[in-house]
Number of protein chains: 2
Amino acid sequence: MHANPILAEVTRGDTVESWHRGSFAVVDTEGRVVLSAGDVEAAVFPRSAIKPLQALALVETGAADAFHLDDSELALACASHNGEAVHVDAVEQWLARIGCTGGDLECGVQLPGDTKALRELLSAGGRERRAHNNCSGKHAGFLTVARHLGHPTQGYTRFTHPVQQRILGLLEQMTGLDDLAVQPRGIDGCGIPTIAVPLGNLALAMARFADPGDQPEHRQHACARIRHAMAARPYLVAGNARFCTKIMEVTGERALVKTGAEGVYCAAFPHLGLGLALKIDDGATRAAEVALGRLLRRLEILGEDEARRLADTLQPPVLNRAGERVGVVRPARDFPIQEVTGARGSV
Amino acid sequence: MHANPILAEVTRGDTVESWHRGSFAVVDTEGRVVLSAGDVEAAVFPRSAIKPLQALALVETGAADAFHLDDSELALACASHNGEAVHVDAVEQWLARIGCTGGDLECGVQLPGDTKALRELLSAGGRERRAHNNCSGKHAGFLTVARHLGHPTQGYTRFTHPVQQRILGLLEQMTGLDDLAVQPRGIDGCGIPTIAVPLGNLALAMARFADPGDQPEHRQHACARIRHAMAARPYLVAGNARFCTKIMEVTGERALVKTGAEGVYCAAFPHLGLGLALKIDDGATRAAEVALGRLLRRLEILGEDEARRLADTLQPPVLNRAGERVGVVRPARDFPIQEVTGARGSV
């Protein structure tokens, strides 16, 4: 297999201790590749990085309006959250509003990803519930769509359930691929199907999410609402000390960024009409984050002052257990940032 | 940079979702390379994978005898443990025996790595102490050597402290390198120095640990005692659900295996007179484990029956949050297992 380029490296002292290879594509709404590295035709499981696209169904079906969802719920539908009280409480209140409970969630339980939230839960004698699962907001969204359209709620995570089939169609339209139903499929960590999509097409979907001018009106409206919700409530999209939250707190709607498991990241840049998809070969989130940070700088979405304020986010220190800085996670020295020229680039 | 070969892959459904590159060397006591892949001359930080070598000082100085240490303490000195009560209690009792307390440990605190232990600690209103740090046994060993030789205990983690200097000399002898003092150095997660060693020399050190026949008598004795302690108390070397523990529970002294951070693994095979060192480029432990498992099969250290019993250890399932198997971590399809022939192989 041809090796993708090194995108991120981890140092200890003055030495590079580990490094991460990967691929990325930045694409416009016509599918033209603006920046890329590595194999962008390889299919990847988008995992949680496409939650903003899955959340479109919530708006397009009218379910969001019918149940009076606001930015909070829409941001949670896009979230891989920390399981902090602010996330869990909001999801459980939302479920109550649609006549469901945590027991209807089919995502399994998960301990809070945030150490402070973990301490609070366990030291109070609590146990993790399904609403603590980082995907609980997305699942509440699926349940809301099922309720609104009169589908059974049980089994809503199955590939053949009408909610998943609706989202499949939506993903086909956004990625420009009409055969996702027969592409390689896996089961995501939270139980729903995840379908392999070539990285370039994933970036195209994000470009269309950023600028859905050629999409039907109801989709344009849904994209605008989801983008607004993510930018308005970035803490609900992730939480304490999280990359997505810290970036969107600075960029607002200039960059909607969303992490996925196994080193995937998606981003949409409405003012540029561009979408981005990125995958680290080995699945490391630490590498996906610094690679995305490097691209946010390259695309001048983050200016110099903003980059300085976000220094520890864009190039996070490696700390020892005593809290001392002993290294750094940073973009690779030869990070590939050339613009694509000529005939190469089209999804 | 020339890419190391792919050693492990992670599937979801029928698709390879992520993959891990790396290098390894299996070396005899003369430094002849028996098996290898990738760049084995590249220097790596051995991290915790050389704890068994660091523990030799405890025996060689007479400190272990002076303080009546048994297999338990010697196994803990080699451990990256889970912070379970069995580990933490034993370390704190050991510290008391040498007139120290947890406050003398310079390793920083760490939450237990095992979920059950974490729950027990936090739900009882406890907080993590320094003895919970996965390296606390190694640090107790350093303190024991300092006490025995009359060195100050404070600052025992510093490169210039006599305990660290003694271990530096020991590592130079075992790796066959006499210039480790001027090699690239970093600070380990627990605060001690970690020094870059070419992978082949790390394997040589483990071969000599496996079969120290050409070493001075006191070292032969120390190697035998440490090997015996690891094999006798594998649970103390790691703990619940841990690769090191599960492998050594089966192999006993046929394979002494020790994990290190950032995807490093070392192993010693006394009956073969071989040592092994392995590094995953991207630092992933999941990949280091399955690559080592593949090599344990290749070297026939694990037979077919044993491999069957260890199936979920050698090729661990990827589970979703509901506990269903959705993929597997496994050796790469083209895992490089050719023997080294001809002139190539010597450290």
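The values are calculated or read from the model by the stated rules, or taken from the named source; none is laboratory data. All values reported here derive from a predicted model rather than from experimental measurement. Heads up, the Cβs are rebuilt from the backbone with ideal geometry, glycines too, and the neighbour counts pull from every protein chain shown. For accessibility, only protein heavy atoms count, side chains too; no ligands or nucleic acids. Shrake-Rupley method; radii C 1.70, N 1.55, O 1.52, S 1.80 Å.
Values for this structure:
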item: Inter-copy separations for A:E41, label at 7 Å along Cα-Cβ, nm, ascending; result: 3.6
item: Accessible area (Å², 1.4 Å probe, nearest 10) - B:D334; result: 120
item: Cα gyration tensor shape for region B:169-288, rounded if a/c is under 1.5, else prolate or oblate; result: oblate
item: Shape category assigned to region B:1-120 from the gyration tensor of Cα positions, a/c cut at 1.5; result: oblate
item: Per-residue mean of C-beta atoms belonging to partner chains within 10 Å, peptide A:12-24; result: 6
item: For region B:274-347: rounded, prolate or oblate by the Cα gyration tensor [a/c cutoff 1.5]; result: prolate
item: Minimum 50 Å² accessible area buried by the other protein chains, region B:112-130 residues, probe 1.4 Å, relative to alone; result: B:R119, B:L122
item: Accessible carbon and sulfur surface of the protein assembly as shown relative to its total accessible area, %, 1.4 Å; result: 46
item: Alpha-carbon spread of chain B, three principal axes, descending order, Å; result: 56, 53, 38
item: Set of aspartates and glutamates with alpha-carbon distance to B:K51 below 16 Å, sequence-local pairs under 8 removed; result: B:E60, B:D71, B:E73, B:E172, B:D188, B:E262
item: Buried accessible area, chains A and B (both chains, 1.4 Å probe, Å² to nearest 100); result: 3800
item: List A:V34, A:V145, ordered by accessible area with a 1.4 Å probe, largest first; result: A:V34, A:V145
item: A:E41-A:H2 pseudo-label distance in nm [points 7 Å out on the Cα-to-Cβ vector]; result: 0.8
item: Other copies of B:E217: label-to-label distances in nm, shortest first, labels 7 Å along the beta-carbon direction; result: 9.6
item: Cα centre as origin, Lys/Arg/Asp/Glu Cβ charges: region B:176-283 dipole, Debye; result: 400
item: Selection from A:L105, A:G125, A:A291 lying farthest towards where the dipole of the protein assembly as shown points positive, charges on Cβ; result: A:G125
item: Subset of A:K279/B:K279; A:K138/B:K246; A:K116/A:K138; A:K138/A:K279 violating a 31 Å alpha-carbon distance limit; result: A:K138/B:K246
item: Label spacing, shortest first and in nm, from B:R97 to its equivalents in the remaining copies (7 angstrom along Cα→Cβ); result: 6.1
item: Relative contact order %, chain B, counting alpha carbon pairs below 8 Å whose residues are six or more apart; result: 26
item: Rel. contact order, % - alpha carbon contacts under 8 angstrom, at least six apart, region A:60-218; result: 21
item: Averaged over A:280-287, number of beta-carbon atoms from partner chains that fall within 10 Å; result: 6
item: A:M248 - accessible surface, heavy atoms, 1.4 Å probe, Å² rounded to 10; result: 0
item: Accessible area (Å², per residue) of region A:236-334, counting only protein heavy atoms and a probe of 1.4 Å; result: 37
item: Order of exposure, largest accessible area first, which applies to B:S123, A:S18, B:S72 with probe 1.4 Å; result: B:S123, B:S72, A:S18
item: Average other protein chain Cβ within 10 Å of Cβ, residues B:182-190; result: 5
item: Solvent-accessible area of B:Y235 with every protein chain in place, 1.4 Å probe, in Å² to the nearest 10; result: 80
item: Sequence of A:R321, A:R294 from largest to smallest accessible area, 1.4 Å probe; result: A:R321, A:R294
item: Helical contribution to [θ] at 222 nm, DSSP H n ≥ 4, -39,500 (n - 2.57), averaged over chain B, rounded to 500; result: -11000 deg cm²/dmol
item: Label-point gap, in nm, between A:A85 and B:Q93 - each point 7 angstrom along Cα→Cβ; result: 3.9
item: 3J(HN,Hα) from dihedral phi, region A:122-128, Karplus parametrisation 6.51/-1.76/1.60, rounded to Hz, x for glycine, proline; result: 6, 6, 8, x, x, 10, 5
